[in-house]
Structure formats: structure tokens, C-alpha cells
Amino acid sequence: MLQELSHMDRITQLQDEIQQLLTIMSSTIAYLTSRSNFVQISEDIPITKQRNPDKYDTPEVFEANKKELVTDLIVKAKQVEYLIKSLPEPEPEEDQAKRLQALDDEMAVVNEEYIRAVARSKDLHSQITDTLRLMLEETDAGLAEKPL
């Protein structure tokens, strides 16, 4: 069932399985409440409402469907449990802190490199602009000096 998946793939798969488990639970509750007949559970509380026979299943069919729904729930719950057990152990807090600090340090270095690169690009842009302006001024001056 589980291939070698990344941690995020496993978490996504676990989310999907939990969603399916919740769907099965919801469907089970809907079936049990809509396809069962009212039964008196206490002599002190009478049954005040009856369903039409076509609105509920016979006791045999109801029990068979109930067992099937329970089986589906158990299978899906075991799949969820298996996926949970396959997740990696959480990283110790101090290891996480060290890793985050290393990432923060790396980010600071890269940010400095970025700032230098932006400054260099602005400097190069300024140099190119000045050079082009000088070339255009010389061209304009040369055109102005030539007689027509």
C-alpha cells in the first residue's frame, strides 16, 4: 500500500484517508438513522411514530448492512492507523532549533549577496546610462557642427 513516499506525500495521503473515514462515518450515520424502524427501548416511553415499510429495511437486511458498514469503518480506521505509524518520528526540538538557526544564517548571507547584486546592477545601469548619454551628446554635437 505504501510506497516510499516523502513526508508530505504521506501526510497528504493520511488527510485523504481521514476524509474518506469521515465520509464513511457520515454515510453510516445517515443510513442508520434513515433506514431503521422505531423500536421501543423502555416500557415507560411509548413509540409515537411509525415509518412506512418501504422507508426502512427488514431486520435481516439492516443487520447485514450494519455489519458491512462496521467492516468498512474498521478497514478504513486500520488504514489510517497504518499511515500514522508510517510517519517519521518528530525531530527533537533542539535539532529543529539548530536547523532553523542554520537556515536563518544562510538566509542572512544570501540576503547580503542579493543586496550587493542589486547595488551592482544599479551601478552598471547608471554607467550604461551615462555612456549612452555621452554618446548621444557627441552625436548631437557632431550633427550640429556639420553644415547642411
(request) Compute the distance in nm between two label points, each set 7 Å from the Cα along the Cα-to-Cβ direction, one at D105 and one at Q50. (result) 8.2 nm
(request) Please give the calculated 222 nm ellipticity per residue for the chain, where each DSSP H segment of at least 4 residues contributes -39500 (n - 2.57) and the sum is spread over every residue; nearest 500 deg cm²/dmol? (result) -27000 deg cm²/dmol
(request) Could you tell me the number of lysine pairs in the chain with C-alpha atoms less than 27 Å from each other, where the two lysines are 8 or more residues apart or belong to different chains? (result) 11
(request) Pop a pseudo-label 7 angstrom from the Cα along the beta-carbon direction at both I11 and S36 and give the gap in nm to one decimal. (result) 3.8 nm
(request) Mind telling me which of E60, E93, E138 comes out most flexible in a GNM of the chain, alpha-carbon contacts under 10 Å? (result) E138
(message) Through the Karplus equation 6.51 cos²θ - 1.76 cosθ + 1.60, θ set to phi - 60°, convert the phi angles of the stretch 118-134 into ³J(HN,Hα) values in whole Hz; use x for Gly and Pro.
(response) 5, 4, 5, 5, 5, 5, 5, 4, 5, 5, 5, 4, 5, 5, 5, 4, 4
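FYI, it's all coordinate maths here, none of it is from the lab. Since this is a predicted model, take the numbers as computed values, not measurements. For neighbour counting, all protein chains shown are included, and Cβ atoms are generated from backbone atoms with ideal geometry for every residue, glycine included.
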